[in-house]
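The values are calculated or read from the model by the stated rules, or taken from the named source; none is laboratory data. What you see is a predicted model; the values in this text were computed from it and never measured. Please note: Cβ atoms are built from the backbone with ideal geometry, for glycine as well, and neighbour counts cover all protein chains shown.
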Amino acid sequence: MAPPRGQIRPARYLLAFVVILLGIYSLVFFTGDRKPVPELGIDLQGGTRVTLTARTPNGKPPTDESLQQAREIIEQRVNGLGVSGSEVTIDGTNLVITVPGKDGEQAKRLGQTAELNLRKVKQVVPVSALQGNQPGQGNQPGQGNQSGQGNQSGQGDESGQGGDSSGSEEQQSSGTTPQWAAARAQQPSDQQRPDGQSQSGGGDQQGSEEPQTRAERIQQAKQLRQSEDPAMQRQALLTLDCDAPDPLRGNADPKLPLVTCGDDGQRKYILEPVLIPGTQISDATSSPPGQRKAQWTVNLEFKNQGTKTWADFTSQNVGEQVAFVLDNQVVSAPSINSAIVGGNTSIEGNFNQETANNLANTLKYGALPLAFDQSTAETVSPTLGVASLEAALLAGGIGLILVAVYCLFYYRLLGLLTILSLVLSGAVVYGVLVLFGRWIGFTLDLPGMAGFIIAIGITADSFIVFFERLKDEIREGRTFRSAVPRSWARARRTILSADAVSFLAAGVLYLLAVGQVKGFAFTLGMSTVLDLIVVFLVTHPLVALASRSKFLSRPALTGLGAVQRMGERARAQRKGVNRQQSASNGTPKEA
C-alpha cells in the first residue's frame, strides 16, 4: 500500500544511504592500495617546487601561446609518469611545477626540451684524441670499423621486434692525422668557445669585452658548429666543451650540419642535417632486458612519412652510422647492418629502467616549443605541511563545534539530527576523497580544506531552511507530523535552488581558476552535491521518523513548544472567525 500523498517511507531512504555508504567504503578498503587515507597536496605533506625559466634564441620574452603549449606538454609528462597531485602553472615567463611527496627528482627532469632528431654521422672522434691525452683518429662512415653508443633495431625479423642491426662500443684509433695536427697548430692561444666563454691553455679566463647576450652566443655557436665548411667543423670539434652548457639546446637549425657531443662526454660528432625530425615519432615505449637485449631499450614508432624515410635511408646506407640526437646530444649512434622495413625501431644505450621510462615518456608527448633553464628547485618541508594540516583541522573542528552548539541550542532534537547528518556527510566526503585520490589523482590541499569548511555551513543551511519552513507550518496550526511533508515539499525547492547556485559558482571558478584555487572550487562543488544526498536520504527521513514517534515528537524534546502554542492560538482564532461567519450567514454548521 502506497503512503498518503506527501508521506514517504523513511526506512527505504535510509537503506539507500546505507547502501551508498557501504559501497563507497567497500571500494576504499578492497581496491587500490586499500589505505583509507586521501592524497595530500604539497602544502600538507611537503614536496618539491621547481621553477623553469624560458629562454628564446633572440633573448625576447616567449609568447603566451608557446608558454601555454609548453605547460600542456609538461602536464602530459607529469600524468604519464603517474605523479599524483602535481601542478604546472604559468608565472609570468616561468613555469612552476609543484610535486607533492617524494617525487621531486622526477619533477626536475620534466622541463627538458626533448627534441629528438635522427642525423647521419659524418665523423666521430674521441675527446681524448682531441685533447692529446692519447693518439686517436676520427672514424668516418665507410672507412674502417664504425663505432656507436648502442645498438639499433627495427621491425622485420621473425619475432617482429627488429632487424639485424648493431653497433660496436669500441673506437678505432691509430694516431693523430695531419689535418688534426694542423688544425691544432693553427688554434689561437685564446680561442672563443661556441658557448660565448673564452678559454686559454692556462685555464678559463674572462675576455675584456662586455659579456655577450644570449642571442649573440647562440648566433656564434651556430656559425661555428653548424657551418658547412669542413675547416670550421674541425675547429668546432677542437673548441667544443662537452661539460659546458650548450647554447644550441633547443635552438639548432635542423637544415644545417651539427657538431656536438655524446651524452657520455667521451665522443664528439660531426652530423649531417636532420634526417627524421622528432615530430615524426608517433609513440615511444621502454622495454626491459631480454634474451636479445642486454639492457633497457626505448622503442620508437614512426608516422607514415618517417617510416618511408627510415626505410629508404637504411636501405641506401648499410654500414653507415645514424645518430639519435636528444636535445643536441647523441644518445646512441649505431651502425646500420641491414635495411629496416617498417615503422618500428629501438634505441639501445646506457639506459636503466628509470632513464628508459623517462626518455620514452618525454618523446611520446613531444618536444617543448621553448628551451628552459631550471632557475630554482626548492623542497617544501613536511613539517610545515603537518602544521598546516593541524591548523586546517583545528579550523574545521571549531566551525563544526559552533554549528553543533547553535543547532542544539536552537533546535534541540532537530539539532541532534543535524549533527548526525553532518557526521554522515563527513563520512561520505572522506570516502569520496580517498577514491578520487586513487582514480583521478585528486589531492587535498589547504584551499580544498577551506572549501570543505565552507561546505559545512552550506550543508547546515539546508537543514535550517527545512526546519524553519517546518516551524512556519506549525505556526499556521498544523501538528508536527502533518507539517513535515508540507514543509519538505516547499523547502526542497529552496534547497535545490541554493545548491544549484553554489554548484554553478564552483564550476565556473574551477574552469577559470588556476593552481590551488581549483582545489577549493572542486571540493566546494563536490560537497554541494553530497549535501543533496545527505539532506534527501538522511535528514528528511530522520525528521519524518521523529514526527511519527510520540516520544520524540514531544515539545520538550523538539523545542517546538512555543511554536505549537502559537499554532494552537492560530487554530482557535480561525475557529472563532469561522463561527462568527457561520452565525452571520444563519448556518449553525461549524467549520
task = May I ask you to say which residue of Leu389, Leu400 is more than 20 Å from the chain's Cα centre (by Cα) and at pLDDT 80 or above?
result = Leu400
message = Among the residues of the range 277-294, are any under 25 Å from Phe351 (Cβ atoms), among the basic types (Lys, Arg) and touching a strand residue (DSSP E or B) at 6+ places or on another chain (Cβ under 6 Å)?
response = no
ask   = Looking only at the range 9-50, which residues are touching a Gly at 6+ places or on another chain (Cβ under 7 Å) and among the hydroxyl-bearing types (Ser, Thr, Tyr)?
value = Tyr25, Thr48
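Each row is one residue, and each column tells you yes or no for (1) surrounded by 16 or more Cβ atoms within 10 Å (Cβ to Cβ); (2) of a type in the set (A, V, I, L, M, F, W, C); (3) touching a Pro at 6+ places or on another chain (Cβ under 6 Å); (4) assigned to a loop (DSSP other than H, G, I, E, B).
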| position | (1), (2), (3), (4) |
| --- | --- |
| Ala231 | no, yes, no, no |
| Asp243 | no, no, no, yes |
| Gly250 | yes, no, no, yes |
| Val259 | yes, yes, no, no |
| Gly265 | no, no, no, yes |
ask   = Does Gly426 meet the test of being part of a loop (DSSP other than H, G, I, E, B) and either surrounded by fewer than 18 Cβ atoms within 10 Å (Cβ to Cβ) or more than 22 Å from the chain's Cα centre (by Cα) (or both)?
value = no
request  = Those residues that are closer than 21 Å to Leu44 by Cα and either among the small types (Gly, Ala, Ser) or under 18 Å from the mean Cα position of the chain (by Cα) (or both), I need them from the range 447-465; list them, please.
outcome  = Pro447, Gly448, Ala450, Gly451, Ala455
ask   = Considering the range 489-515 alone, what residues qualify as being within 15 Å of Leu532 (Cβ to Cβ) and of a type in the set (Val, Ile, Thr)?
value = Thr494, Ile495, Val501
query = Does Ala556 satisfy the condition of being out of contact with any Phe, Trp or Tyr (no Cβ under 9 Å at 6 or more places or on another chain), modelled with pLDDT of 75 or more, among the small types (Gly, Ala, Ser) and surrounded by fewer than 18 Cβ atoms within 10 Å (Cβ to Cβ)?
reply = yes
